Ligand code: PMP
């Protein structure tokens, strides 16, 4: 059945839609932190949490909210007053930490970042953007144009002039051998140098922890140090929280808070898990920035009643069950366990990350050379034993990405760690 579907998929969908696994998986249903394929095999889902399912698969509270709303009304999200949209906007504005915040809902992270770029370039009257090397911000023409990860930028043309900044990746690149403070100082010097050779950019856009780039994080405080330089030049800071938001990093509700000394970003974008599978993206900005557009601008499906109902139910569940605290506790146990395994396997360079956003970087043993084949082999081996993982990284994807739904239990974390340990040992040793 799945084989036939694969043939039909290949015949009708674009070649550049990357499918995981030599024998691709058809997921047919899920519950909690588990999913099942069309053959009835069960998998512990260590990746779906960052893709779609922030809290848990088939959460009854969300199913109920969505089906009730579907049975009531789905209509224009913006031409008439939309109670669920106002309610979710109020909660997001308050949680964002941005003063006098306004919220605009979109249908994806791409559209959210596109909107952030529209706002920043209009507000600052500049179409130059600073972005991080190795970053990912989406697949529209403008988002691709600012994406630094070469594996995800299919065109070199761009409506924006983009300058790339060092700092998003702590463990590779020219400053990798430096300690944290020197690393930050070197990146700040690099930024100052860049600004000396260009018209004032509108904004710096950055993921506090790079997602597609392999869950790499800079030292805490990098973006606060950047912020001082940006402020001197009147450049806005856009935090792309599409992967890092809503408590995933455990210690903080937003990724920017690890760099929070200089306050919240000017613009924050979010998407992915907030709808627990329903398509919600959005932008938060101070009113003065959000309101700089001087013509109408709407998104037909951004903020529909059904997606907002899902978002409200999901956010309520997340806060009432303290899933940020759960990410901190369970993620803390998981990273400790994986680090002790990694110390015994030469092909594992490091286990990094925060909360339930962990990366395992694989290298050719005895070298610092990325090993994408090993990453694919471990992914296959883990799948064969009932664990789904993600992949990520720079020009070659040599990191395993772990991002389960935030309700992961300690027993499930142990189950996943045991499978991953076995997959690493059987593949790399
Ligand atoms: N920003 C980041 C940090 C992302 O990881 C992604 C998706 N991988 C996007 C933006 C784009 O989101 P979407 O796929 O919903 O358009």
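The values are calculated or read from the model by the stated rules, or taken from the named source; none is laboratory data. As the structure is a prediction and not an experimental result, all values here were calculated from the model. Note that we place each Cβ from the backbone using ideal geometry, even for glycine, and neighbour counts take in every protein chain shown.
Could we say that residue 239 is without any contact (Cβ under 8 Å) to a residue 40 or more places away in the chain and either within 16 Å of the ligand (Cβ to nearest atom) or buried (at least 21 other Cβ atoms within 10 Å of the Cβ) (or both) here? When the stated conditions are applied, residue 239 passes them. Select from the range 271-283 the residues that are within 10 Å of the ligand (Cβ to nearest atom) and closer than 19 Å to residue 390 by Cβ and list them in ascending order. Selection gives 271, 272. The sole residue among 29, 57 that is away from the ligand (no atom under 16 Å from the Cβ) and over 22 Å from the mean Cα position of the chain (by Cα) is 29.
Here 192, 150, 139 are screened, and the one residue that is touching a residue at least 60 places away in the same chain (Cβ under 8 Å) and in the same structural domain as residue 218 (by the TED database) is 150. Selection of strands (runs of 3 or more DSSP E) fully inside the range 76-181 by the criterion of at least 3 residues being crowded, with 21+ Cβ neighbours inside 10 Å and modelled with pLDDT of 95 or more returns 101-106, 128-132. The residue that is surrounded by the most Cβ atoms within 10 Å (Cβ to Cβ), among those in the range 212-233 that are in contact with a helix residue (DSSP H, G or I) (Cβ under 7 Å, 6 or more places away or on another chain) and in a loop (DSSP other than H, G, I, E, B), is 212. Within the option set 53, 28, 63, being without any contact (Cβ under 8 Å) to a residue 40 or more places away in the chain, surrounded by 12 or more Cβ atoms within 10 Å (Cβ to Cβ), not assigned by the TED database to the domain that holds residue 279 and not in a strand (DSSP E or B) holds for one residue only, 63. Taken together, 386, 366 contain a single residue that is more than 19 Å from residue 134 (Cβ to Cβ) and at pLDDT below 95, which is 366.
Entry remark, the range 372-429: residues being part of a loop (DSSP other than H, G, I, E, B), within 25 Å of residue 277 (Cα to Cα) and over 23 Å from the mean Cα position of the chain (by Cα) number 1 in total.
Yes or no, residue by residue, for (1) in a loop (DSSP other than H, G, I, E, B); (2) more than 13 Å from the ligand (Cβ to nearest atom); (3) over 15 Å from residue 89 (Cβ atoms); (4) touching a helix residue (DSSP H, G or I) at 6+ places or on another chain (Cβ under 8 Å):
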{"site": "243", "(1), (2), (3), (4)": "yes, no, yes, yes"}
{"site": "251", "(1), (2), (3), (4)": "yes, yes, yes, yes"}
{"site": "268", "(1), (2), (3), (4)": "no, no, no, yes"}
{"site": "293", "(1), (2), (3), (4)": "yes, yes, yes, yes"}
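Candidates are the residues of the range 122-144 that are closer than 23 Å to residue 193 by Cα and touching a helix residue (DSSP H, G or I) at 6+ places or on another chain (Cβ under 9 Å); the one that is nearest to the ligand (Cβ to nearest atom) is 135. Report yes if some residue within the range 96-104 is within 16 Å of the ligand (Cβ to nearest atom) and under 26 Å from residue 162 (Cβ atoms); otherwise report no. Within the range 96-104, one or more residues are within 16 Å of the ligand (Cβ to nearest atom) and under 26 Å from residue 162 (Cβ atoms). Criterion first (within 21 Å of the chain's Cα centre (by Cα) and over 18 Å from residue 412 (Cα atoms)) does residue 361 satisfy it? Yes.
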